[in-house]
1. Just to be sure I understand the filter: pairs with C-beta atoms under 7 Å, separated by 6 or more residues or on different chains, first member in region 180-208 and more than 15 Å from A160 (Cα to Cα), second member among the hydroxyl-bearing types (S, T, Y) and assigned to a helix (DSSP H, G or I). Which pairs pass?
2. Give the number of residues within region 21-43 that are crowded, with 18+ Cβ neighbours inside 10 Å and over 23 Å from D319 (Cβ atoms).
3. Does V106 satisfy the criteria of being among the β-branched types (V, I, T), more than 19 Å from the chain's Cα centre (by Cα) and within 30 Å of R18 (Cα to Cα)?
4. Test A144 against the criterion of being under 23 Å from A303 (Cβ atoms), touching a residue at least 24 places away in the same chain (Cβ under 8 Å) and either buried (at least 20 other Cβ atoms within 10 Å of the Cβ) or in the same structural domain as E51 (by TED's automatic domain parsing) (or both), and give yes or no.
5. Sort out for me the helices (runs of 4 or more DSSP H) sitting completely within region 167-249 that have 3 or more residues that are surrounded by fewer than 19 Cβ atoms within 10 Å (Cβ to Cβ) and touching a helix residue (DSSP H, G or I) at 6+ places or on another chain (Cβ under 8 Å).
6. Would you confirm, using the coordinates I've provided, whether G190 is outside the structural domain of V52 (by TED's automatic domain parsing), at positive phi and at pLDDT 95 or above?
7. Does any residue in region 214-226 that is in the same structural domain as V195 (by TED's automatic domain parsing) and under 23 Å from Q166 (Cβ atoms) come within less than 6 Å, Cβ to Cβ, of a residue that is in a loop (DSSP other than H, G, I, E, B) and not small (G, A, S) six or more places away or on a different chain, and which pairs are these?
8. Restricting to helices (runs of 4 or more DSSP H) lying wholly in region 73-165: which have 1 or more residues that are at pLDDT below 95 and charged (D, E, K, R)?
Amino acid sequence: MATTALPHAAAATPTPQRMRALVHERYGLPDVLRLATVALPTAGRREVLVEVGAASVHPGDSFVMTGRPRLVRLAFGLRRPRRRTPGMDLAGVVRAVGADVTSVRVGDRVFGWTTAGALAEFATVRDDHLAPIPAGVPVDVAAAVPTSGMTALQALRDVAQLQSGQTVLITGASGGVGSFAVQIAKALGGEVAGVCSGRNVEFVRQLGADHVIDYETTNVTRGSTRFDVILDSVEAQPLAAMRRILTPRGTLIPNSGRGGAWIGPLGRIVRARLLSAFTRQRLRPFTSLGRRGDLLVLAEMLASGEITPLVDRRYALADAADALRQVATGHTRGKVVVTP
């Protein structure tokens, strides 16, 4: 479908016909990925062509890469991945817009998520999957926000319905979702305890956590403190143990995404849902959704300084497989970003 380049000061930049992209043709470990030169994609009527300034990766990208748990293949291809380029979250500059796009213009700095693959020099993105990057926010910092930020926001604001003054426990507080969750919980008025490794204690404290628990020396489930909300992005402890430190009407949100080779976390999700029917405690596994309204909220929080993403590691596009290998370890601090 033809695209329209609207008048803008940045529109004079020539757009190439080919680009470099990470190519994903079969499921497996990062070695299955290769860097290739491919045709430049064309934006559809409601799409935007973005020159990618940075793309961030998260554990979900690793699940899609490996095809494990196998349940993900129902959505991404049974025998081989339907989407040739991995990655979802990106930030960059609009280079062309589809005929029906009115929300952004050529030359705008934007961030958001794409289903077409973000680990490339250019990507097509639906216009309602993008938001403006606030002035003064670097492109690599903006790229770190979409999926992890929306997950933390929806978990705390929508699922837990966190109220000012409530106590919040966040496991994996130094990770991608956890680092956003600490900051968002504080912005919502929560009293926040973050669980992390010893080397990340000071980092989590700098994020704004009121209390920091080193899991290497302290098992939080054996303490006497109870929490109104628990966002468990690690799920290292049994469900029963986490419930012991949840208030009688508190909300527990399991959110690691890990599980068996075939159905992943589905078994735990079903058990939590069934158990929730027989207790006053709310056990609420959930799947975050991409919503432009939430992206705009996060943009406002970026602009106000309520959230400040940490980009811990940066990789070149040629080394993007290493970036995916790193997030697959489950021991990242903040976000991992790839720059073309």
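The values are calculated or read from the model by the stated rules, or taken from the named source; none is laboratory data. It should be emphasised that the depicted structure is a prediction, and the values quoted were computed from it without experimental measurement. A quick note on method: Cβ atoms are made from the backbone with ideal geometry, for glycine too, and the neighbour counts reach across all protein chains shown.
1. From region 180-208, the pairs are F180/S148; L207/S179.
2. Total meeting the criteria: 1.
3. For V106, the condition - among the β-branched types (V, I, T), more than 19 Å from the chain's Cα centre (by Cα) and within 30 Å of R18 (Cα to Cα) - is met.
4. Considered against the rule, which asks whether it is under 23 Å from A303 (Cβ atoms), touching a residue at least 24 places away in the same chain (Cβ under 8 Å) and either buried (at least 20 other Cβ atoms within 10 Å of the Cβ) or in the same structural domain as E51 (by TED's automatic domain parsing) (or both), A144 comes out as yes.
5. On the way: elements: 176-187, 201-207, 239-244.
Answer list for region 167-249: 239-244.
6. The answer is no for G190.
7. Filtered contacts from region 214-226: T221/Q237; T221/I245; R226/I245.
8. Numbers: elements: 73-76, 139-143, 146-153.
In region 73-165, the matching helices (runs of 4 or more DSSP H) lie at 73-76.
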